[in-house]
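Data block below; observations after.
The values are calculated or read from the model by the stated rules, or taken from the named source; none is laboratory data. Computed from a predicted model, the values in this text were never measured in an experiment. Positions of Cβ are generated from backbone atoms using ideal geometry, with glycine treated the same way; all protein chains shown enter the neighbour counts. For the accessible areas, the whole protein counts, side chains as well, though only heavy atoms, and no ligand, DNA or RNA atoms are used. Shrake-Rupley method; radii C 1.70, N 1.55, O 1.52, S 1.80 Å.
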Amino acid sequence: QVQLVESGGGSVQAGGSLRLSCAASERTFSTYVMGWFRQAPGKERELVATIKSFGATYYDDSVKGRFTISRDNAKSTAYLQMNSLKPEDTAVYYCASWRIGVPYKYWGQGTQVTVSS
């Protein structure tokens with residue numbers, strides 16, 4: 001059982017920055033893919049970015065060039081640095097972890113990000 005705890009959400013004005021953190025309880029954290037998802041009111045949850053064990057990353061086009069996903073395997077923590085935030089980035093952000101080839105994902109509780117214009 002992997003437990004994930006997100007932190008770092010908040011309210012910022014457009015153009016501002018926030019850094020989200022996701023601390024994992026799993027001691028084999030380095031073997032898991034980490035991902036950030038978000039869900040805006042009235043919309044489905046969508047993938048924002050992922051990072052594999054040794055650092056290969058993926059970004060949705062909507063955040064490419066503005067967001068950076070990273071991980072510190074020694075601290076069992078993943079991060080999402082969000083720059084040049086836009087009002088449309090407003091959502092609850094969730095981190096998730098999973099192993100490649102295994103359909104089940106572990107989820108954090110979510111953290112609210114609000115960007116005002």
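Working note: Karplus 6.51/-1.76/1.60 with θ = phi - 60° gives segment 13-27 the couplings 8, 3, x, x, 10, 9, 10, 8, 10, 9, 9, 10, 8, 6, 6 Hz, where Gly and Pro are set to x. Taking the DSSP bridge list for segment 48-97 and keeping only pairs wholly inside it, about 100 percent are antiparallel. For segment 1-79, applying the loop criterion from DSSP together with a ceiling of 14 other beta carbons within 10 Å to the chymotrypsin sites (Phe, Trp or Tyr not before Pro) yields Phe54. The length gained on full extension between Thr31 and Ser53, counted as 0.36 nm times the residue separation minus their Cα-Cα distance, comes to 7.4 nm. Carbon-plus-sulfur accessible fraction, segment 1-51 (probe radius 1.4 Å, protein heavy atoms only): 44%. Once the 1.4 Å probe is applied to the protein heavy atoms, the chain comes out at 53 Å² accessible per residue.
Where Rh is the Kirkwood radius over the Cα pairs of the chain, the temperature 4 °C and the viscosity 1.567 mPa s, what D in µm²/s does Stokes-Einstein return?
Details: Rh = 14.1 Å.
D = 92 µm²/s.
For segment 8-88, GluC sites (Glu not before Pro) meeting the loop criterion (DSSP other than H, G, I, E, B) and having at most 16 other Cβ atoms within 10 Å: Glu26, Glu44.
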